[in-house]
Amino acid sequence: MSPGDPIRNSTIGKSNGNGAISNSNSNSNGNSNNGTRRSRYVSGNFAPVTEEVTAYDLPVTGRIPAHLDGRYLRNGPNPLGIDDPGAHLWTLGAGMVHGVRIRDGRAEWYRNRWVRSGAVADRLGEPRRGTPVDERMDISPNVQVAGLAGRTYALLEGGIRPYELTYELDTVGPCGLGATPEGYSANAHSVVDPHTGELHSLAFRYGSEQVQHIVMDAAGTVRRSTLIEVPGNPYMHDFALTERFVLLYDTQVVFSPAHLAAGVPFTWDERRAARVGVMPREGGAVRWFELAPHLVGHTLNAYERTADELVVDVVRHPPGMDLRNIGASRPTLDRWTVDLAAGTVREERLDDRVQEFPRLNPRHTGRPYRYGYAAAVELYAPPTGPGDDRPDEGFSNALLKHDLSRGTVEAHEFGRDGAVGEAVFVAAESPTAEDDGYLMAYVHDPDRGAADLVVLAAQDFTGEPLARIHLPVRVPLGLHGNWVPGGDRVPGGDRTAGRGGDTGWS
């Protein structure tokens, strides 16, 4: 059996929390059993899992807040097979969604499911689900999973259509969320405006020198779209939204047909200038402002400090960032202050600690805010050495809480082996402050060899977790996800019953 070959459909009735399933073809030092050098992205906490598991009545240490009613979902690459473990690119694995259903203080179930594109269904020996618009672009989305208007979506980017999932995370098929006549559709880092309910997406397509700003209503119906000329086909992975503007990141990573065969068709172009563009939300001319060389990983938030001053907080990757080896980068949290009247941008570093996957209380998206959250993750940790891809001795996985008013940072440390991923903020039942709520994230428990879904009180950030929900299996390091409130099933999805502006997309 090659690494990642699937063993499917395991069901655990009442889990005791010790049913870890390991990948027998990988070990902690990044070397295969036959001595062949392996990529770090098929070993340790990156190694793909080989089973789809359903487990009920999960054990919990601590107490889950009783009002929480919904699913915590996260997507990430999980290849079904790896032809060359030494050359494997982590971001190319088929999407796998991991989810935990929470209600009445209980963790009712855990499920993990591959997103079944045509190729994934073929590999699993199953019938294909749905019909893609373009077979060449039928790829299993592995970046994001979110809920909108009673349905659940797995998403990617680059013109690749989202896939719809059922409430239990089974694949329905490719869908037309955000699809426009020009061939664009909603991408992974779409943003909900909590004040209007609109879903905004900035979509690019491989090989096109245009991007499209797509605006959908709360039901996911496209209401308007704007084509924007961006010469050179830059990699525009994320964007930002304020009350009046859309902010676009034109960076120095560009589409490269010469790199298509390598699987990640982008390269760093030293000749380009990095820029941030400011466009009215209703469309119109884009004003561009030049920046120091970089690549934006993700947006924390943006807002309008005054009528002429915009604040943009981003995770910034340094020059030369290579998408084929993203773990070699050392991203930091930066702030840009755009002065529309003077036509200038001031750049400053908010935190030197290497971090990614920024999040905030989604009720403050596009508006002034005080608190932001990020993760110090193993993905960007320097390895111990050539023969050991584990993080070096001084590294600790951690979630970070930034108080942007005071300029302070708190860290909830999980240790060198407690791999943590992106955390999602979930508001308390009747919140009285911006940080009155919880952070939820998957964290590896090295003693069990399996994952916990950890629930932290955001106002007691460094204290003991409120709850650790013990999953029966390991959850590999992955990408993005969301808390999707509500749980009543309807055909083809779930009825998302958010409270107070909360949605299943943030």
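The values are calculated or read from the model by the stated rules, or taken from the named source; none is laboratory data. Keep in mind the model is a prediction, meaning the values are calculated, not measured. No Cβ is skipped: glycine too gets one built from the backbone with ideal geometry, and neighbour counts run over all protein chains shown. Just the protein is used for accessible areas: all its heavy atoms, side chains included, with ligands, DNA and RNA removed. Shrake-Rupley method; radii C 1.70, N 1.55, O 1.52, S 1.80 Å.
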>> Tell me the label only: which of (1) 25.8; (2) 30.0; (3) 21.6 is mean projected area of the Cα convex hull in nm² as calculated from this structure?
In response: (3)
>> Rolling a 1.4 Å sphere over the protein heavy atoms, what is the accessible area per residue of the chain, to the nearest Å²?
In response: 36
>> Counting only protein heavy atoms and a 1.4 Å probe, tell me what percentage of the chain's accessible area is made up of carbon and sulfur.
In response: 47
> Between rounded, prolate and oblate, where does region 340-481 land on the alpha carbon gyration tensor, with a ≥ b ≥ c its root eigenvalues, rounded for a/c under 1.5, else prolate if a/b exceeds b/c?
Replying inline: oblate
> Given the C-alpha centroids of region 293-339 and region 62-91, what is the distance between them in whole angstrom?
Replying inline: 25
> Check L291: other-chain or 5+ apart residues with amide H under 5 Å from its amide H, H built from backbone geometry?
Replying inline: A274, R275, V276
> Order of 330-343, 431-444, 291-304 by packing, highest average Cβ count within 10 Å first?
Replying inline: 291-304, 431-444, 330-343
> For region 435-450 and region 202-241, what is the separation of their C-alpha centers, rounded to whole Å?
Replying inline: 34
>> 5 Å is the cut-off here: which amide hydrogens, built 1.01 Å from N in the peptide plane, fall below it relative to R151, excluding neighbours closer than 5 in sequence?
In response: D494, T496
> Considering only DSSP beta bridges with both partners in the chain, what is the antiparallel share in %, to the nearest 5?
Replying inline: 95
